[in-house]
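Read-outs: derived from the displayed coordinates by stated rules, not from any lab. All values reported here derive from a predicted model rather than from experimental measurement. Positions of Cβ are generated from backbone atoms using ideal geometry, with glycine treated the same way; all protein chains shown enter the neighbour counts.
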Amino acid sequence: MPFDNTGHRSDQEQKHIVSSENADAGSEHDEPVWDVVVVGAGPAGASAAYAAAVAGRQVLLVEKAELPRYKTCGGGIIGPSRDALPPGFELPLRDRVHAVTFSLNGKLARTRRSKRMLFGLLNRPEFDASLVEHAQKAGAVLRTGVTVSRVEQHGPAVPDRRTVAVVLADGETVLARAVVGADGSASRIGAHVGVKLDQVDLGLEAEIPVPPPVAEDWAGRVLIDWGPLPGSYGWVFPKGDTLTVGVISARGEGAATKRYLEDFIARLGLAGFEPSVSSGHLTRCRSDDSPLSRGRVLVCGDAAGLLEPWTREGISFALRSGRLAGEWAVRISEAHDAVDARRQALNYAFAIKAGLGVEMGVGRRMLAIFERRPGLLHAAITGLRPAWNAFADIARGSTSLAGLVRNHPLARRALDVLDRRQAAPVVSEESVPEPAAASEAGAKE
Ligand SMILES: Cc1cc2nc3c(=O)[nH]c(=O)nc-3n(C[C@H](O)[C@H](O)[C@H](O)COP(=O)(O)OP(=O)(O)OC[C@H]3O[C@@H](n4cnc5c(N)ncnc54)[C@H](O)[C@@H]3O)c2cc1C
């Protein structure tokens, strides 16, 4: 094999990365190609690389950062994420959530508790690096500190019609039979595919180290605050000696979003602690008709705009779409011609739309209601046991928002009614009735 275990060709002067096992002797350039090149080593990319490598293919995973790398993220990991992990993967959980305090812009705080774990909390650098190690163990080759500039499917860098040229920032070209774009929300591969977005949000976060008494107060409990800006919310996710405190809101309200985070931190009595990291990141949701492929290139995770529109939960979307992209990239890599490649790419798009696409559709409806009537959702989730149970089931992964609406006529009717109501004039939040069943201590399941 012409690579060392970092994927670097032993002859550093060589500008083309090749895999001898897959040599395509007939090509004009006479250069072998990787079966699958994956761009970006977050959960989507690591998942795709794992799926293609475990199928026995030659896989190169290219990441612009050095690992482990920081990623602005709450690190909340819900049931569907656990189900999408490689076999034997142990989640590096920093905390297990058994209680949720909900508040409405700092008011009407109520805590709901559950004997069974609701969801887990992890540090992204640790989690992502561990996923990449799994992909490597399955046979994927990793190159870090390497930025992909673009992909080309035609032109002088492309030896034949079954090959894609992946052009790196230093001009080096990597050849592949199929490419998976998993390069996050500012995706270059997404731009190549023509991903269309209909929702862009700005998330701001602070990692706040806290002394033991404060950490103990938060252990096993998260806070979710429905925010002052339409569609916004804030969270406190405890991870041992550090609290991840963040807010998210529609892009275009940068100053107000920053103020929300500052007020939120101050209100919680955490303003006196110096954050170890303060950062911001955009999240993007695809429009319903957005493409998921172009030629031999697929996109997944944030690069494809696959994200739950209401909660902006993206790890499970990244893991699930990454795995599908890896599996279908294998088939595209074996496609003899453009028609065959197209057929496989359409199968990938169909699988995404039938699963994550449906979930996104329900999430959009939930967001539309939440934007107009956060008080109504707050009242329901803190005051109505079925609403809380639904939240708990979704967090644990025993159902999804879409599954709930599909299988429970009552949930479907409630969403229809709320859909209709959200088109009606808004009442002031003060007129939202106090939920009778809720108590400050919270009802246990
Ligand atoms: C503030 C905030 C909080 C969030 N909290 C949660 C949460 O609690 N739970 C949850 O499920 N989701 C959360 N999300 C969403 C979640 O972080 C993302 O959906 C998830 O990281 C998507 O994974 P990904 O693999 O698609 O992309 P990423 O994790 O962004 O990975 C993309 C990778 O590609 C690399 N890359 C980028 N460009 C290139 C290039 N040109 N060449 C090579 N490599 C490249 C990047 O360095 C990166 O490592 C949050 C998002 C934000 C903004």
Quiz item: Based on the Cβ-Cβ distance from ALA219 to LEU384, what FRET efficiency comes out when R0 is 22 Å, to the nearest 0.05?
Solution: 0.20
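Ranked by Cβ crowding within 10 angstrom, fewest neighbours first, how are CYS285, CYS73 ordered?
Values: CYS285 27, CYS73 24.
Result, fewest neighbours first: CYS73, CYS285.
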Quiz item: How much length is gained on full extension from ARG116 to ASP419, taking 0.36 nm per residue of separation minus their Cα-Cα distance?
Solution: 105.9 nm
Quiz prompt | Length-normalised contact order for segment 198-285 - Cα pairs under 8 Å, 6+ apart - percent | solution = 44
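What are the semi-axes of the equivalent ellipsoid for the chain, taken as the square roots of 5 times the Cα gyration tensor eigenvalues, largest first, in whole Å? Working shown, then result.
Values: eigenvalues 349, 108, 68 Å².
They are 42, 23, 18 Å, listed largest first.
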Quiz prompt | Rough spin-label spacing in nm, given labels placed 7 Å along Cα→Cβ, for SER398 and GLU126 | solution = 2.8
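Determine the dipole magnitude for the chain: charges of +1 sit on the beta-carbon of Lys and Arg, -1 on that of Asp and Glu, nothing else is charged, the reference point is the Cα centre, and the result goes in debye to the nearest 20. Spell out each step's value before the answer.
On the way: 53 positive and 53 negative charges, 340 e Å.
For the chain, the charge dipole is close to 1640 debye.
Take each of the peptides 174-184, 38-48, average the number of other beta-carbon atoms within 10 Å over its residues, and list them starting from the highest. Please report the intermediate quantities before stating the final value.
Working: 174-184: 29.9, 38-48: 32.5.
Most protected by this proxy first, the peptides run 38-48, 174-184.
Going by average Cβ density within 10 Å per residue, which order do the peptides 401-413, 243-255, 161-173 take, highest to lowest?
Values: 401-413: 15.2, 243-255: 19.8, 161-173: 17.1.
Highest to lowest by the protection proxy: 243-255, 161-173, 401-413.
Helix by helix through the chain, keep the DSSP H runs that span 15 Å or more along the axis on Cα and average at least 0.5 on Kyte-Doolittle, and give those back in order. Spell out each step's value before the answer.
Working: long enough: 43-54 (16 Å, 1.06); 124-137 (19 Å, -0.97); 254-267 (20 Å, -0.41); 315-333 (26 Å, 0.42); 338-352 (21 Å, 0.23); 358-372 (22 Å, 0.25); 385-396 (16 Å, -0.33); 409-422 (19 Å, -0.78).
Helix filter hits for the chain: 43-54.
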Self-check item: Length-normalised contact order of segment 28-150 in % [C-alpha pairs under 8 Å, at least 6 apart]
Solution: 37
Self-check item: Cβ charges +1 (Lys, Arg) and -1 (Asp, Glu), total dipole of segment 198-285, debye
Solution: 160
Quiz item: Between SER276 and VAL167, what is the label-to-label distance in nm when each label sits 7 Å out along the Cα-to-Cβ direction?
Solution: 4.1
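Using Cα pairs closer than 8 Å and at least 6 residues apart in sequence, work out the relative contact order for the chain, in percent. Spell out each step's value before the answer.
Numbers: 998 pairs, mean separation 87.4, N = 445.
Across the chain, relative contact order equals 20 percent.
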Self-check item: Residue among HIS98, LEU131, ALA165 farthest towards the positive dipole end of segment 87-184, charges placed on Cβ
Solution: HIS98
Practice problem: For segment 35-186, take the alpha-carbon Rg, divide it by the Kirkwood Rh, and send me Rg/Rh. | Solution: 1.10
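Order the peptides 272-283, 310-321, 143-154 from the highest to the lowest mean number of other Cβ atoms within 10 Å of their residues.
On the way: 272-283: 14.8, 310-321: 25.6, 143-154: 16.4.
Output ranking for 272-283, 310-321, 143-154: 310-321, 143-154, 272-283.
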Quiz item: Where in segment 181-205 does the amide nitrogen come within less than 20 Å of the point 7 Å from the Cα of GLU371, taken along Cα to Cβ?
Solution: 196-204
Quiz item: Between segment 120-149 and segment 266-316, what is the C-alpha centre distance in whole Å?
Solution: 18
Quiz item: Quick one: how many lysine pairs in the chain have C-alpha atoms under 21 angstrom apart, if they're 8 or more apart or on different chains?
Solution: 8
Quiz item: In nm, what is the difference between 0.36 nm times the number of residues separating ASP337 and LYS258 and their Cα-Cα distance?
Solution: 23.4 nm
Quiz item: Using 0.36 nm per residue, how much length does the chain from ARG412 to ASP160 gain when fully extended, once their Cα-Cα distance is taken away?
Solution: 85.6 nm
